[in-house]
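A short worksheet on the structure shown next.
The values are calculated or read from the model by the stated rules, or taken from the named source; none is laboratory data. On a predicted model such as this, the values are computed, not experimentally measured, just so you know. All Cβ positions, even for glycine, are placed from backbone atoms using ideal geometry, and neighbour counts span all protein chains on display. Note: areas computed on protein heavy atoms with side chains; ligands, DNA, RNA excluded. Shrake-Rupley method; radii C 1.70, N 1.55, O 1.52, S 1.80 Å.
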Amino acid sequence: MSRALPKYNKRRVAIIGGAAAVALSGAVIAGSALAGETSKSDNSKAAGTLASPGTISCPAVAGSLPVIPASAQAEVTSNLAQLDTQIAEANKRLVDTVGQGGPNFVQNAILGPLEDKRVAVLNRIETAIGRAADKPEGLEALAPCALNADGAAEAGDEAGNEAGAEPTEAVTEEAGGDAGDAGDAGTGEDAGAAGTISCPDVEPSLPEIPAAAQAEVTSNLAQLDTQIAEANKRLVDTVGQGGPNFVQNAILGPLEDKRVAALNRIETAIGRAADKPEGLEALAPCALNQ
């Protein structure tokens, strides 16, 4: 009996020690897992903070309008709503394109195209009011918008790295890329690789132009030519940038918006002295010739 007791005690000590080791291991594993989850959560929060693209703010338009004639109210209200929609879409692009593009991506791919769209809408508002009252002038000054960094890392000059520095001319998530995909222009060593942009000829579609409108119409026709030349230059300068829809979203889309604004001005100029032509906007879309 006296010899059996020590052996029993040894077994008892071994069992208790093993159980303690298992419990300790479990605590270590649980602690490690918890620490891992905490670390992962912290990292996710940090990443989310770094990726914050900020938001876009634009000047309010309604407060700058004159008294709106009843006959123009519906059209003006519709266009004001469209301005809000454009800002919402631009903010969505800002989020969707985080991490895309180069240093000027946000300006060229989001803010620039947004300004062009706003110019077209503001011109329509001026025209709608001008049909029944004195036409307001200069609303285009309210077109440019800005990026509010909202604490985003370096959202200012490198807004591009987070919000996708919109193109060097432009592109958004769908626009993301360069004239590149516009034909695998690749390295762009030769300018011809980028292709060229062609647009419908406007002058043959115009009615007889009153003498009082001739100078303004001629000026806007010249502006249409300048816009095409600038778009072709962008096509060459941005070869190799962006994603599959870069050319459409960063060059052809903004060009169409600018053409709509110029065509609206032509219609308005003629309409001051004769029957106003309608439907010239159908001539706004352009295409890429590769």
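Quick grid of which residues meet (1) under 25 Å from the mean Cα position of the chain (by Cα); (2) modelled with pLDDT of 90 or more:
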{"residue": "A250", "(1), (2)": "yes, no"}
{"residue": "R265", "(1), (2)": "no, yes"}
{"residue": "E281", "(1), (2)": "yes, yes"}
{"residue": "C286", "(1), (2)": "yes, yes"}
{"residue": "N289", "(1), (2)": "yes, no"}
*asked:* I'd like to know if segment 188-208 contains one or more residues that are hydrophobic (A, V, I, L, M, F, W, C), within 22 Å of L288 (Cα to Cα), surrounded by 16 or more Cβ atoms within 10 Å (Cβ to Cβ) and modelled with pLDDT under 90.
replied: yes
Within segment 49-99, restricting to residues that are β-branched (V, I, T) and not in a helix (DSSP H, G or I), the one that is most open to solvent (accessible area, probe 1.4 Å) is V67
By residue number, the members of segment 226-248 that are closer than 20 Å to L283 by Cβ, more than 17 Å from the chain's Cα centre (by Cα) and open to solvent by 20 Å² or more (accessible area, probe 1.4 Å) are T226, I228, A229, E230, N232
Checked against (1) in contact with an Asp or Glu (Cβ under 8 Å, 6 or more places away or on another chain); (2) at pLDDT below 75; (3) crowded, with 17+ Cβ neighbours inside 10 Å, N108 satisfies every condition except (2)
Output for Cβ contacts, cut-off 8 Å, separation at least six or different chains, first residue open to solvent by 50 Å² or more (accessible area, probe 1.4 Å) in segment 212-225, second at pLDDT below 95 and not in a helix (DSSP H, G or I), reads A212/R272; A212/A273
